[in-house]
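Structure first, commentary second.
Quick note: the coordinates plus some simple rules give every number you see, no bench work behind them. Remember, it's a predicted structure, so these values are computed and weren't measured experimentally. We place every Cβ from the backbone using ideal geometry, glycine too, and count neighbours over all the protein chains shown.
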Number of protein chains: 2
Amino acid sequence: MAKTGDRARAAAEPALSTLDFALDRGSPVPLYHQLAQQLEAAIEHGVLAPGNLLGNEVDLSVRLGLSRPTVRQAIQSLVDKGLLVRRRGVGTQVVHSHVRRPLELSSLYDDLEAAGQGPTTQVVRNETVPAPAGVAAALGLAEGGEVVLLERLRRTHGQPVALLGNYLPPGLLDLDSARLEATGLYRMLRTAGITLHSARQTVGARSATAQEAARLDEKEGAALLTMQRTAYDDTGRPVEYGTHIYRASRYSFDFQLLVRS
Amino acid sequence: MAKTGDRARAAAEPALSTLDFALDRGSPVPLYHQLAQQLEAAIEHGVLAPGNLLGNEVDLSVRLGLSRPTVRQAIQSLVDKGLLVRRRGVGTQVVHSHVRRPLELSSLYDDLEAAGQGPTTQVVRNETVPAPAGVAAALGLAEGGEVVLLERLRRTHGQPVALLGNYLPPGLLDLDSARLEATGLYRMLRTAGITLHSARQTVGARSATAQEAARLDEKEGAALLTMQRTAYDDTGRPVEYGTHIYRASRYSFDFQLLVRS
DNA sequence: TAGTGGTCTAGACCACATG
DNA sequence: ATGTGGTCTAGACCACTAT
């Protein structure tokens, strides 16, 4: 059995059989992760065709010299990424593509950089101020307590794109303006050993005030995209509250959702 | 060892020990899922305090009469939900709350219903039309081929909230206008056995045209929140393209992100 | 009936964090 | 040195799908 080629159905044959995976048991990277990476690469490069594939887990584990749970763990991670779909009694298939990245807690800086837009940042304000009520509530601080206020103007190709307001608990981070202009806030947080865990966001829209319009090189009343975000580290401590406005004519949020099942 | 109460540290003791979990091996619901549900309920109700908890997996598995992998699977599912955090060498902790729901592929109808807004829907158009270029591309159809165009106006408290445009491949679904007004498109898809798998979304903003303003009871030029979405089923086949506009004064997107680690 | 993924077990050893 | 989660094994039985 397991003869390929005796059935020329619409469903593609598991091209997987011709693939060989290089698993390094001496590597510090887990076997299931090595396998997942190589499977993902095979899918990415089209070696594993979308539609139908990936003959059964038991054979695969034998062929790779791994246990079935380990192989399952690798496959599961790709299922979680939306690249594969399992069907009981049928098999595991490569999804018909269309899969991009899930929405990430990325900074605008990273977004723009990834899009090759060569962002630049100008720090407009960087000072300690009393916390406004909403900010204090979001950060779990006393109203009127000190917070660091950061205000930045982001440009691409010399054109303003966004006005970024951020509030951070005092003493959390050394906010050097020069570094902020070079690298983005979220990257600085990561570098400082603060691991972001979750964030709560609200995305809306409104018309630009005269002042906002002037700063963003828009007309008064132009549509702006707005975003408020509170970010938490992995202990659940709030580490940042941001209130941002984007020129709707030059920026939009673009992302992929996966349905919980 | 495992004596509780001999250390009164800031870190909370595992209140878990006093909890008993009811596991039914005869139930069709998997043991790991039963455990996960009961852990989640305990967290939800504050029985498991945020901050620090959940003594080691081995003891827990012995106490519950489960294998460690099964217990791990339960815990992992809550880690994926953002309710728990694992730290090697330390233990598993309940996150400091602030965790809401991740962004779901929910319909506006569901959103509003969940918010107790009592939405109503008016089907404005429901007909077969030639596919515009962008729509044909999104749905993987020939340009000018037939698609079903659905246009709906959604209200809460009698006030317009959104203008929803949807394109669907022909023959996918029986789109009865009366049922659409009663239940929402996504629910109808689910009922028809179409399981959504992923979606690609773009969220932006722009100013209302005169016509849009009239239909949404806004002034011309008012800020609108826009969303385009292509949804795919689990074979990767596009099943819906939507282009929606929302009154920014009455609606915003609100969601929780978890950072991939 | 045969083949697939879904669940579960009872161990083992390792890497990392803490005292 | 100890305790934790992280990884891995080699089986087993079940539920579902297809033929």
Legend entry - Odd one out for residue B:202 among (1) buried (at least 17 other Cβ atoms within 10 Å of the Cβ); (2) touching a Phe, Trp or Tyr at 6+ places or on another chain (Cβ under 8 Å): (1)
Inset, instruction - Being under 24 Å from residue A:201 (Cβ atoms), not hydrophobic (A, V, I, L, M, F, W, C) and not in a loop (DSSP other than H, G, I, E, B) is the filter here, so list the residues in the range A:160-180 that pass it. - result: A:160, A:165, A:166, A:167
Inset, instruction - Tell me which residues, restricted to the range A:77-91, are within 12 Å of another protein chain (Cβ to nearest Cβ) and surrounded by 15 or more Cβ atoms within 10 Å (Cβ to Cβ). - result: A:77, A:79, A:81, A:82, A:83, A:84, A:85, A:86
Inset, instruction - Mind checking which strands (runs of 3 or more DSSP E) fall wholly inside the range B:202-261 and carry at least 2 residues that are more than 26 Å from residue A:186 (Cα to Cα), facing chain A (nearest Cβ under 8 Å) and of a type in the set (A, V, I, L, M)? - result: B:223-233
Inset, instruction - Please specify each residue of the range A:219-235 satisfying the condition of being buried (at least 18 other Cβ atoms within 10 Å of the Cβ), in contact with a Gly (Cβ under 8 Å, 6 or more places away or on another chain) and not β-branched (Val, Ile, Thr). - result: A:225, A:227, A:228, A:229, A:231
Inset, instruction - Being surrounded by 15 or more Cβ atoms within 10 Å (Cβ to Cβ), under 23 Å from residue B:259 (Cβ atoms) and over 20 Å from the mean Cα position of the chain (by Cα) narrows it down to one of A:163, A:139, A:149, so name that one. - result: A:139
Legend entry - Search result, residues across the range A:20-46 that are away from DNA strand D (no atom under 16 Å from the Cβ) and either surrounded by 14 or more Cβ atoms within 10 Å (Cβ to Cβ) or under 16 Å from residue A:91 (Cβ atoms) (or both): A:42, A:43
